[in-house]
Amino acid sequence: MDKKIWNKSAKALLSVGLAASLWLPSSQVEVQAAATASDLFISEYIEGSSLNKAIEIYNGTGASIELNPYSLALYANGSTSVQSEMALSGTVASGDTVVLYHSGADLAIQNKGDLQNNSVINFNGDDALVLKKDGTPIDSFGQVGTRIENAKDVTLVRNPYIQTGDNILDDAFDPSTEWIAYPVDTFEHLGSHTMNGYGETPVPTPELQPMEPKKSLRYENLEKKKLTIGQPSVSVTLDGKASISDGVYVKGKYGEFHGSGFEDVKVILTPAREESIFDFTGIDVKQVVVDGKNVSEIRGAENIQKIDYINGADYEAIRFYSSDGAPVSSPHLPKENKAPIATKVFAGEHVWTGGSLQYDLTEYFSDPEGQSLSFSTTKGTISESTLTLNLPEGSHIVGVTASDGNQSITQSFSVTVSTEAPPSDEYYETANGLQGAALKAELNEIIDNHQQLSYSQVWDALKITDEDPNNPNNVLLLYSGESRSKSLNGGNVGDWNREHTWAKSHGGFGTAMGAGTDIHHLRPTDVQVNGLRGNLDFDYGGTSVSGCDGCLRTATSWEPPDEVKGDVARMLFYMAVRYESDDPVDLELNNLVNNGSTPYHGKISVLLEWHAQDPVSAWEQQRNEKIENIQGNRNPFIDHPEWAESIW
């Protein structure tokens, strides 16, 4: 966490002294101490593509702070109750930041990260976040109790003049008042923050006068290819009839500009001396070119229509101020072509011979800079932005590429084409049009009374339902994804056994026929991995699990790999619908971990996220078909994924 103190280099601090020596106020100027914050506050918010999520917290108090009393809470979906909360740890030096990040974020975020968290730092662009100290709010982002609409797909950096957090949690949230917005997946500002204490009502800038006489130059009806001004301190006025085709070249240390003539003129700043200052307050200027490293300050920056940086000029080393003295970011940052991004993941598909699939590719890809995209595919045809697939029987991998002409991104997905007839819509006919509790009750009626297996029969059933499609002698293991011989079923190290995805102790049904032998949630799993999972609820975070790449474990929760997160969610959705009050055990989902022996499993909010992040695959669909052949019922959430959101 040893980053820039106040994000001001010695050169920047020196510039303040030099500026003071250059100008003498016409009246006494009060020297002000450096600004300090009252406490920690949120200084940056990243809500990017996929899991590119991060929160930066800044210490501008002037003293090192122990983080143990602090926490960050997530209020999701307009709720007034905390969904998740993470305790902070460690120490943050004055002028330093703490970056909280998601483990699935881009490496550019992870490399600047300090504290990893996958529950709170899994917010969406309409959620609220609250920074607390000893349980008392000291800052907030968004509006608790309301789903905001202005923090999606964006990076927001706190304005430099902000010195204290917003501890009113339910006030309206307008990011334009305290935040600088950057395009989606902008990460370069993360890990450091600038705070200089000039607020919306800035400290008045005293009328400054140069130590040496300021040269006033006024040009009327000037027609010239190039105007060069070499005076060290100058005030330049151009009237509206000026015509200067190449531009005005300013070489002095201080310049201020007046007159309507600059609306159609380019100004090139090429000062020979460091710490030079230029003022465009009160006018509009067509274009400014900063040439070299000697420009330290630009005032009236909002009046510049276009600004370019050449010959080593660094916009990050320049202080920009509006006409009223408030610090602002560079009005025009150098543009860097960014690659297209995936905005939606293609789900694996299972269709029947003769079936056609169509995709609007603008829903799956976008360009951060708004450039138009072209598309190509390894299979099927593309007309403008529509992909159409009419594939022969068999298994196919389809690759789709989006390009902006310079950079591109590719997504791949599987399509299985089968000659079998699809299940009749009559299976769910009575559920059509229902929602919520009524839908849950009707689905229970549809999938109830299935053919129940004995626990020993489960061994043979899983060898059918979970058979490796690339090796009929093996089964695929849940969590680890390993292909292992069907004959290695048992209880020894190296064997696979029968994992109850809904932990059998959550309701105490054990291995009894019914919930204990329902193969919709029983899966082959490595013996040791099964033992480590135990009866833990599902949630984000924890330490890595030996023998299971992507698994994480805490004392109360288990996080499976991304490839099967949706599978796990849909199995638990099925169990909560299949087993109701008229069964030996009534199973329900809740938003807790450590449910123990109660007939509850969590966390529902996390399971719904996993359900969305990892859509139904062709392999899941095939497994659903096989289970119907064995025990006579189906998992509705594989056939109709949209029903999960309706019920929960």
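Observations
Here is a yes/no grid of residues against (1) touching a strand residue (DSSP E or B) at 6+ places or on another chain (Cβ under 8 Å); (2) closer than 16 Å to residue 606 by Cα; (3) surrounded by fewer than 15 Cβ atoms within 10 Å (Cβ to Cβ):
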residue: 69; (1), (2), (3): yes, no, yes
residue: 83; (1), (2), (3): yes, yes, no
residue: 91; (1), (2), (3): yes, no, yes
residue: 110; (1), (2), (3): yes, no, no
residue: 132; (1), (2), (3): yes, no, no
residue: 144; (1), (2), (3): yes, no, no
residue: 147; (1), (2), (3): no, no, no
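- Test result for residue 253, buried (at least 17 other Cβ atoms within 10 Å of the Cβ), within 18 Å of residue 304 (Cα to Cα), touching a strand residue (DSSP E or B) at 6+ places or on another chain (Cβ under 6 Å) and among the basic types (Lys, Arg): no
- Residues of segment 569-597 that turn out to be closer than 19 Å to residue 512 by Cα and either in contact (Cβ under 8 Å) with a residue 12 or more places away in the chain or not small (Gly, Ala, Ser) (or both), as a count: 18
- Residue within segment 329-339 that is crowded, with 18+ Cβ neighbours inside 10 Å and either among the basic types (Lys, Arg) or in a strand (DSSP E or B) (or both) present: no
- Matching residues, segment 572-612, being under 18 Å from residue 540 (Cα atoms) and among the aliphatic types (A, V, I, L, M): 572, 589, 592, 593, 604, 606, 607, 608, 612
- Candidates 416, 401, 410, 501, filtered to the one that is touching a His at 6+ places or on another chain (Cβ under 8 Å), of a type outside the set (Lys, Arg) and farther than 30 Å from residue 581 by Cβ: 416
- For segment 583-630, a residue qualifies if it is among the polar types (S, T, N, Q) and closer than 19 Å to residue 558 by Cβ, and the qualifying residues are 590, 591, 594, 595, 597, 598, 605, 613.
- Within segment 95-121, residues that are in contact (Cβ under 8 Å) with a residue 12 or more places away in the chain have Cβ atoms under 8 Å from residues that are aliphatic (A, V, I, L, M) and part of a helix (DSSP H, G or I) in these pairs: 99/109; 100/120; 100/121; 101/109; 101/121; 102/109; 102/121; 119/606, counting only partners at least 6 apart in sequence or on another chain.
- Looking only at segment 340-359, and only at residues there that are at pLDDT 80 or above and assigned to a strand (DSSP E or B), the one that is most open to solvent (accessible area, probe 1.4 Å): 358
- Taken as a whole, the condition of being without any contact (Cβ under 8 Å) to a residue 60 or more places away in the chain, touching a strand residue (DSSP E or B) at 6+ places or on another chain (Cβ under 9 Å) and either surrounded by 13 or more Cβ atoms within 10 Å (Cβ to Cβ) or in a loop (DSSP other than H, G, I, E, B) (or both) applies to residue 405.
- The numbered conditions (1) farther than 23 Å from residue 453 by Cβ; (2) at pLDDT 95 or above; (3) in contact with a helix residue (DSSP H, G or I) (Cβ under 6 Å, 6 or more places away or on another chain) are all true for residue 524 except (1).
- Consider segment 370-384 and keep the residues that are under 26 Å from the mean Cα position of the chain (by Cα) and surrounded by 12 or more Cβ atoms within 10 Å (Cβ to Cβ). The one that is farthest from residue 352 (Cα to Cα) is 371.
- Tallying residues that are surrounded by 15 or more Cβ atoms within 10 Å (Cβ to Cβ), small (Gly, Ala, Ser) and within 21 Å of residue 158 (Cβ to Cβ) within segment 93-107 yields 3.
- Residues within segment 401-431 that are within 27 Å of residue 470 (Cβ to Cβ) and modelled with pLDDT of 90 or more, tallied: 1
Per-residue answers, yes or no, for (1) farther than 30 Å from residue 58 by Cα; (2) open to solvent by 40 Å² or more (accessible area, probe 1.4 Å); (3) modelled with pLDDT of 85 or more; (4) small (Gly, Ala, Ser):
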{"site": "164", "(1), (2), (3), (4)": "no, yes, yes, no"}
{"site": "176", "(1), (2), (3), (4)": "no, yes, no, yes"}
{"site": "186", "(1), (2), (3), (4)": "no, no, yes, no"}
{"site": "192", "(1), (2), (3), (4)": "no, no, yes, yes"}
{"site": "208", "(1), (2), (3), (4)": "yes, yes, no, no"}
{"site": "226", "(1), (2), (3), (4)": "yes, yes, yes, no"}
{"site": "239", "(1), (2), (3), (4)": "yes, no, yes, no"}
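- Breaking point among (1) open to solvent by less than 10 Å² (accessible area, probe 1.4 Å); (2) part of a helix (DSSP H, G or I), for residue 623: (1)
- Boolean, residue 629 is outside any loop (DSSP other than H, G, I, E, B), in contact (Cβ under 8 Å) with a residue 12 or more places away in the chain and more than 17 Å from residue 83 (Cβ to Cβ): no
- Among (1) buried (at least 23 other Cβ atoms within 10 Å of the Cβ); (2) more than 32 Å from the chain's Cα centre (by Cα) - the single one residue 527 does not satisfy: (1)
- Residue match in segment 621-640 (condition: closer than 24 Å to residue 535 by Cα and within 25 Å of the chain's Cα centre (by Cα)): no
- Of the strands (runs of 3 or more DSSP E) lying entirely inside segment 46-156, those containing at least 1 residues that are among the small types (Gly, Ala, Ser) span 53-58, 70-75, 84-87, 128-133, 136-141.
- So residue 168, is it crowded, with 17+ Cβ neighbours inside 10 Å, β-branched (Val, Ile, Thr) and at pLDDT 85 or above: no
The values are calculated or read from the model by the stated rules, or taken from the named source; none is laboratory data. Computed from a predicted structure; not experimentally measured. Neighbour counts run over all protein chains shown; Cβ positions are idealised from the backbone, glycine included. Areas reflect the complete protein model, heavy atoms only, side chains present, ligands, DNA and RNA absent. Shrake-Rupley method; radii C 1.70, N 1.55, O 1.52, S 1.80 Å.
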